[in-house]
1. Which strands (runs of 3 or more DSSP E) sit wholly inside the stretch 89-205 and have at least 1 residues that are touching a helix residue (DSSP H, G or I) at 6+ places or on another chain (Cβ under 7 Å)?
2. Every residue in the stretch 30-42 that is polar (S, T, N, Q) and touching a Gly at 6+ places or on another chain (Cβ under 9 Å), please.
3. In the stretch 341-350, what residues are loosely packed, with under 13 Cβ neighbours inside 10 Å and either among the basic types (Lys, Arg) or in a strand (DSSP E or B) (or both)?
4. Filter the stretch 444-470 down to the residues that are open to solvent by 40 Å² or more (accessible area, probe 1.4 Å) and assigned to a strand (DSSP E or B) and list them by number.
5. So which residues in the stretch 117-146 are among the acidic types (Asp, Glu) and surrounded by 24 or more Cβ atoms within 10 Å (Cβ to Cβ), if there are any at all?
6. Can you name every residue in the stretch 216-238 that is more than 25 Å from the chain's Cα centre (by Cα) and over 16 Å from Gly196 (Cα atoms)?
7. Could you please find all residues in the stretch 471-499 being at pLDDT below 95, assigned to a strand (DSSP E or B) and open to solvent by less than 20 Å² (accessible area, probe 1.4 Å)?
8. Please enumerate the residues belonging to the stretch 417-460 that are aromatic (Phe, Trp, Tyr) and within 25 Å of Ala394 (Cβ to Cβ).
Amino acid sequence: MNVALLALALTIQQPQDTVVLKPIVVTATRTPVSAELVPSAVTVLRGVDLVAQGIRTVADALEMVPGAHIVETGSYGGQTSLFMRGGESDYVKLLLDGVPLNQAGGGIDLAHLTTDNIDRIEIVRGPVSVLYGSDAMTGVVQIFTRSGGGSHITAPQLGAELRAGTYDSRDGALDIVGGTRTFSYSARASQFSSDGLYPYNNHYRNRVASARLRVMPDSRTDASLTYRYGDDLYHFPTNGQGAPVDSNQRAAERGPLLSLSAGRVLGEHLEARINVALKEARQFYNDEPDSPGEDGAFWSRDYLRRSSVGAFVTWRNHDKINVISGVEYEDERQRGRSEFTTRAGPPFPDSIAVQRNNTGYFTQAVIGAGRASVTLGGRVDDNSEFGSHGTYRAGVVYRLAAGTRLRASAGTGFKEPTFFENFARGSFRGNPYLKPESSKSWEVGVEHTLKGGHARAAVTYFNQRFQHLIDFTSNPVPPDSFNYFNVGGASADGVELSVAFEFNSGGSAKLTYDYLRTRVENPGFGTGPDAAFSPGRRLLRRPTHGFVQETVVPIGNRLRATLMIRFVGDRDDLDFSQTPAGRLTLPPYSRVNVSAEYRPLNRVAGLSLSVRVENLFNNHSSEITNFRVRGRLVIIGCRTVLAL
């Protein structure tokens, strides 16, 4: 911590009395409004800052967000999950330019989601199902792709970068951005590869192509198109207990994402918009026998698709009244085949071909009156599997003198079952009568900003109740013999504290602290002390304490250095290397990352050199029981930008 305090002291100066524009956010209300009117806790990460720090994945970026906890299985490409405010890892909805990235039922692996071509990331904590439907139980993370042009003309700029480092990691990219007031564009192609942590079968490759076009033929009309394609290949030697035992196990995923949004201002206060979204993924898994004595092989092929179309109408009167109403139709599908073979008998084939749809109707109003603003919203979803489900959201903001803002909100969220929980017909049997998992939440907070916006502090208390949690039993009861039931219930409450400073020198300092308390209220089928939903115990892999400190220090006009310290407190986990799995408490750990960006020649503004060191002190404390973590990682690179 002494290093952080020294860096902070070097940059402290008296703030200037300057005019700061009010920040605008979109995700919290689904239409652009001033952040001052939003009753929820919101964090915005700028893409330029992530690039300057050498942050390659969205998971690494989210580690700096209050209330968010990232858990990964160590090596590049390994399963990477996001827990927010004590919820499950499938309780946060992730969007890219409005396209849901979650699979049906909320599951998502952040290992392959990169920061390529990102303008900003908006994170809203708390339930937002009123606006986004299923999966948005404890928060929404939306990624916005960058584009040139806008209110000014941007000459075409071609960029290229190369980076390399520990674990034979290599990263390269080409990008272009530019535009005018009526037409803007951006595109980027990148490839990352690494040999991983283990001495064999741990190669990882990630390829991304991303592009965005935006057209504004006049001041009343706009349209944008986003396309992104990912191609990922991951070799991993570990089994479910984290032991490296397999020399040819591998998985791959590839597929496109498409977003189309078009809007038209119909009058002084009225706007209409249509959104179309598509996300497809083809997933592959192979594991053939890799030694003469090994018996058994398994392969699977799956095709997943989420597509939706929505129509929205917004009526606004500056910052006084903002009302959005809309209807969305979503279609979810999965087709797949798998086969397990053994010398002891015939092969065991399996297949899945399922589909469900959902229609959601919602309205939300943000009403400002003097120093106060009120948010009210409601939504009804009509699902082909579980029928109708309603959610609501309400909040109030009161702005005191001298930059202080009080806010409070309450709402509900839900998450539909996964396809497997609904439709499994192989060794296990899904339950078509499952209810969606649901949450009830409320929070209160206070924020204070000094004159000029150079210092900000915020504290939030939140309280959540999770109901109808879906649990698995290996001993189903006839006559239905389903393996999945709504049985569990849990609670989570805590405090989020953040402080941020900006200094005349261009430096900044941010501190965040989280306290989280989780508790199983209604147990699942396993009621023993080692069960996943053991009564009275805390939920797995949710740390009680978390701390992040980030300091940015400019040194002269050419060098910019960043220091980040992250502390994660103790948390419960299960040890699957024993049968039955035993519960244990993992000790706290900390990670220190440093990065620097250097521009060697002022007259060559587009050239920069960078270095990033992750896990500076080579801390090997486990994040997940029995899985290795990356040690000290050093990545050195360069980037150049050429104006065409």
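The values are calculated or read from the model by the stated rules, or taken from the named source; none is laboratory data. The model shown is predicted, which means the values in this text are computed figures rather than measured ones. All Cβ positions, glycine included, derive from the backbone under ideal geometry; neighbour counts span all protein chains shown. Side chains are part of the model used for accessible areas, which takes the heavy atoms of the whole protein and leaves out ligands, DNA and RNA. Shrake-Rupley method; radii C 1.70, N 1.55, O 1.52, S 1.80 Å.
1. On the way: elements: 92-96, 118-125, 139-145, 154-165, 169-179, 183-194.
By residue number, 92-96, 118-125, 139-145.
2. Our first condition is that a residue be polar (S, T, N, Q); within the stretch 30-42, this holds for 31, 34, 40.
Those that are polar (S, T, N, Q) and touching a Gly at 6+ places or on another chain (Cβ under 9 Å): Ser34, Ser40.
3. Step one: list which residues in the stretch 341-350 are loosely packed, with under 13 Cβ neighbours inside 10 Å, which gives 343-347, 349.
Within the stretch 341-350, Arg343, Gly345, Pro346, Pro347, Pro349 qualify.
4. As a first pass, look at the stretch 444-470 and keep what is open to solvent by 40 Å² or more (accessible area, probe 1.4 Å): 444, 446-451, 456-457, 459, 461, 465, 467-468.
Within the stretch 444-470, Val444, Val446, Glu447, His448, Thr449, Arg456, Ala457, Val459, Tyr461, Arg465, Gln467, His468 qualify.
5. Within the stretch 117-146, the first condition is being among the acidic types (Asp, Glu), and the residues that meet it are 119, 122, 135.
Residue satisfying the conditions is Asp135 alone.
6. Hits for the stretch 216-238 are Met216, Pro217, Asp218, Ser219, Arg220, Thr221, Asp222, Ala223.
7. Initial filter on the stretch 471-499 (at pLDDT below 95): 471-489.
Remaining after also requiring assigned to a strand (DSSP E or B): 471-472, 484-489.
Scanning the stretch 471-499 gives Gly488, Gly489.
8. So the first thing to find is which residues in the stretch 417-460 are aromatic (Phe, Trp, Tyr), and the list is 419-420, 423, 428, 433, 442.
Matches in the stretch 417-460: Trp442 only.
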